[in-house]
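Notes for the one structure printed next.
The values are calculated or read from the model by the stated rules, or taken from the named source; none is laboratory data. Quick caveat, the model's predicted, so the values are computed rather than measured. Don't worry about glycine lacking a Cβ; one is built from the backbone with ideal geometry, like all the others, and counts go over all protein chains shown. These accessible areas exclude ligands, DNA and RNA; they are computed on the full protein's heavy atoms, side chains included. Shrake-Rupley method; radii C 1.70, N 1.55, O 1.52, S 1.80 Å.
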Amino acid sequence: MSRGIARALLPDDNRVDRRVCQLYQRGIVPYATAWAWQRSLVDDRRQNPSLDDVMLLLEHPPTYTLGQGASTQFLKFDPAQAEWEVHRVERGGEVTYHCPGQLVGYPILNLTYYQKDLHWYLRQLEAVIIQVLAVYGLQGERLPGLTGVWVSDRKVAAIGIKVSRWITMHGLALNICPDLSGFDRIVPCGLSDKAVGSLEQFVPGVQFEQVREQVAIAFAEVFNVQLVEDADVAKIER
C-alpha cells in the first residue's frame with residue numbers, strides 16, 4: 001500500500017478530525033522481533049501519549065503463542081521438546097498458531113483518543129475483518145460470548161489483545177492462504193468444537209497482498225484514522 005493509496009482514502013476536508021496512524025508493512029518477521037517492536041512502541045507512548053498511533057501488518061514464521069492465562073492442556077505436543085517456536089505472551093486468550101500466509105495486525109493505539117472500552121475495541125477489530133470479508137462477498141460472523149470472526153462455522157480470524165494505560169498491543173490474525181496443518185497440533189483458542197478456516201478456502205486464488213491492502217483500508221475506515229505508510233522500520237527497532 002503506497003502513500004498515494006493511503007492518502008486517497010482520506011479526502012483533504014476530512015483529515016482534520018482524524019488521528020494519524022503510522023503504517024508499517026513488513027514481510028515475514030520473527031515473532032520475538034515483532035513482539036519487541038510492540039513493547040518499544042507501547043513504552044514510548046506511555047512516556048509520551050501524544051505520539052501518533054501505529055499499525056504493524058506482517059507475517060510470522062511457524063510460531064505458537066499462548067495468552068498470559070492460557071492452559072498448556074490445549075497443546076498436543078511438549079513445548080519443551082517442540083521444533084517450533086512457542087511463546088507465552090501478555091495478551092488475553094488461549095493458544096493460537098501463526099505462519100506465512102496469515103496476516104497479523106498489531107495496532108498500537110491510545111484508546112484515550114477513541115473509547116476507553118475494551119469490549120468496544122474488540123468489536124472494532126472484528127468489524128475490520130468483517131468489512132474485508134464483505135469485499136470478497138463473504139459474510140463474517142461473530143459468535144455470542146466468543147472473540148474472533150467466522151465464515152460458515154470456520155474461524156478465519158483470531159483476536160487477542162493487551163491494553164495498559166489504555167495503550168493497545170497484540171491484535172488480530174487473519175488466515176488468508178496459510179498452511180492450516182499447524183493448527184492440528186493445538187486446540188485453537190481452546191475451542192475443540194470449532195474448525196479453523198482461511199479466506200482461500202472460500203475465495204480460491206485470493207491474493208495476499210490485495211487482502212493486506214483491504215485490511216489497511218478497513219482499519220482506516222473503522223477507526224477513522226489517517227494512515228501514513230512509513231518504510232523506515234529503524235524507527236521502531238531498538
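Would you mind stating whether Arg142 is open to solvent by 10 Å² or more (accessible area, probe 1.4 Å) and on the phi > 0 side of the Ramachandran plot? No, not satisfied. Is it true that some residue in the range 172-189 is more than 25 Å from Lys76 (Cα to Cα), open to solvent by less than 20 Å² (accessible area, probe 1.4 Å) and not aliphatic (A, V, I, L, M)? No. With a requirement of 1 or more residues that are in contact with a Lys or Arg (Cβ under 9 Å, 6 or more places away or on another chain), the strands (runs of 3 or more DSSP E) lying completely within the range 29-101 that satisfy it span 53-59, 63-66, 95-98. Exactly one residue out of Val222, Val187 is of a type in the set (Val, Ile, Thr), more than 26 Å from Ala36 (Cα to Cα) and in contact with an Asp or Glu (Cβ under 9 Å, 6 or more places away or on another chain): that is Val187. If you filter the range 153-171 down to residues that are modelled with pLDDT of 95 or more and either touching a Cys at 6+ places or on another chain (Cβ under 6 Å) or within 17 Å of Lys194 (Cβ to Cβ) (or both), you find that the one that is most open to solvent (accessible area, probe 1.4 Å) is Arg154.
The strands (runs of 3 or more DSSP E) located wholly in the range 133-238 that include 3 or more residues which are closer than 26 Å to Asp117 by Cβ and in contact (Cβ under 8 Å) with a residue 40 or more places away in the chain occupy 154-164, 167-175, 225-229. Based on what the data block shows, is Val196 open to solvent by less than 10 Å² (accessible area, probe 1.4 Å) and farther than 14 Å from Leu109 by Cα? For Val196, the condition - open to solvent by less than 10 Å² (accessible area, probe 1.4 Å) and farther than 14 Å from Leu109 by Cα - is not met. Test of understanding: among Gly105, Gly101, which residue is buried (at least 21 other Cβ atoms within 10 Å of the Cβ), among the small types (Gly, Ala, Ser), closer than 20 Å to Glu126 by Cα and in contact with a strand residue (DSSP E or B) (Cβ under 8 Å, 6 or more places away or on another chain)? Criteria check complete, one pass: Gly105. Checking each residue in the range 102-124 for being hydrophobic (A, V, I, L, M, F, W, C), over 30 Å from Pro79 (Cα atoms) and in a helix (DSSP H, G or I) picks out Leu111, Leu118, Trp120.
For the range 118-153, the set of residues classified as over 22 Å from Glu209 (Cα atoms) and in contact with a Ser or Thr (Cβ under 8 Å, 6 or more places away or on another chain) consists of Tyr121, Leu122, listed by residue number.
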